[in-house]
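Here is the structure we will look at.
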Amino acid sequence: MCGRFTLTIDPGELRDAVQGLLIPDVEFSPRYNIAPTQPIAVIPNTGENRLDFFVWGLIPSWAKDPTIGSRLINARSESLAEKPSFRSSFRRKRCLILADGFYEWRVMNGSKIKQPVYIHLKNKKLFAFAGLWDTWFSPEGSEIKSCTIITTQANSLIAPFHDRMPVILNQSAYSIWLDTHEKQPETLSPLLQPYPADGMALYDVSRMVNDPANDRAECVTPI
């Protein structure tokens, strides 16, 4: 499961992190509490190596109602090849979803309160979730490009909070994932593994994260 994440680095750091990345001339502010249905930074496999912004929550091209996207923010890696919502994009429309951390929630003993925790790489560098994308056209002809984050079995760091975690791709897998050609599931599925627990870290943060209207640096301040 991945329901909130962050992307706090500036465009210059993005260029350093992703070689040859083309960044459009748009306003780009740090994001500390990215929530579903919002625009998120992606690199789709269009062959341009270009940063774009897609709606978080996949709307399949065949969908009659775009609100389906709010239920498709995550996609289980084990069933991508079979699920109608994901199988075409898995073969043809893949993307990197840029992030530098994400949130999970710990159930407090003897309480209904859930404590948010912030999870990041130990080196605190940018990383990329494995994502799928699609384009939906309204009856009037307007266009929505949207995406979903692929999840896999949780590693030992995440497992105490949730049995799923987002797939964080190794940089060596970027070229395969962003290949513009159709790929078979047996080629892609081995890439969708839990990130090693010893390369990650976490700490408790304020419950202000629970409200997506709170999108400021205090969200990632340790408590």
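The values are calculated or read from the model by the stated rules, or taken from the named source; none is laboratory data. Nothing here was measured: the structure is a model prediction, and the numbers come from that model. Don't worry about glycine lacking a Cβ; one is built from the backbone with ideal geometry, like all the others, and counts go over all protein chains shown.
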Among all residue pairs at least 6 apart or on different chains, which show Cβ distances below 8 Å where the first residue, located in the range 159-182, is over 16 Å from Asn49 (Cα atoms) and the second is of a type outside the set (A, V, I, L, M, F, W, C) and at pLDDT below 95? Pro160/Arg106; Phe161/Arg106
Scan the range 193-214 and report the pairs whose first residue is over 16 Å from Phe161 (Cα atoms) and whose second residue is surrounded by fewer than 16 Cβ atoms within 10 Å (Cβ to Cβ) and among the polar types (S, T, N, Q), with Cβ atoms within less than 6 Å and a gap of 6+ or a chain change. Met208/Asn214
Which one of these does Leu132 not meet: (1) part of a helix (DSSP H, G or I); (2) touching a Cys at 6+ places or on another chain (Cβ under 7 Å)? (1)
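With the requirement that a residue be hydroxyl-bearing (Ser, Thr, Tyr) and more than 22 Å from Gln153 (Cβ to Cβ), what does the range 175-223 give you?
Here is the first cut: in the range 175-223, the residues hydroxyl-bearing (Ser, Thr, Tyr) are 175, 180, 187, 189, 195, 203, 206, 221.
Ser175, Thr180, Tyr203, Ser206, Thr221, listed by residue number.
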Subset of the range 53-66 [part of a loop (DSSP other than H, G, I, E, B) and of a type outside the set (A, V, I, L, M, F, W, C)]: Gly57, Pro60, Ser61, Lys64, Asp65
Could you tell me which of the residues Ile23, Ile34 is hydrophobic (A, V, I, L, M, F, W, C) and over 15 Å from the mean Cα position of the chain (by Cα)? Ile23
How about the range 165-213: which of its residues are part of a loop (DSSP other than H, G, I, E, B), out of contact with any strand residue (DSSP E or B) (no Cβ under 7 Å at 6 or more places or on another chain) and of a type in the set (A, V, I, L, M)? Ala213
What number of residues within the range 12-31 are over 18 Å from Lys145 (Cβ atoms) and either touching a Gly at 6+ places or on another chain (Cβ under 9 Å) or exposed (fewer than 15 other Cβ atoms within 10 Å of the Cβ) (or both)? 10
Can you name every residue in the range 77-95 that is surrounded by 15 or more Cβ atoms within 10 Å (Cβ to Cβ), in contact with a strand residue (DSSP E or B) (Cβ under 9 Å, 6 or more places away or on another chain) and under 24 Å from Phe127 (Cα atoms)? Ser77, Leu80, Phe86, Ser89, Phe90, Lys93, Arg94, Cys95
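If you take the residues in the range 72-112 that are under 23 Å from Ala201 (Cβ atoms) and in a loop (DSSP other than H, G, I, E, B), which one is modelled with the lowest pLDDT?
Asn109
Using the structure shown, decide if Pro44 is within 29 Å of Gly199 (Cα to Cα), buried (at least 20 other Cβ atoms within 10 Å of the Cβ) and without any contact (Cβ under 8 Å) to a residue 40 or more places away in the chain.
No; evaluated as a whole, the condition is false for this residue.
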Just the residues that are surrounded by 11 or more Cβ atoms within 10 Å (Cβ to Cβ) and closer than 17 Å to Ala17 by Cα, please, taken from the range 155-176. Ile168, Leu169, Asn170, Gln171, Ala173, Tyr174
From (1) in contact (Cβ under 8 Å) with a residue 12 or more places away in the chain; (2) not in a strand (DSSP E or B), pick out the condition that doesn't hold for Lys145. (2)
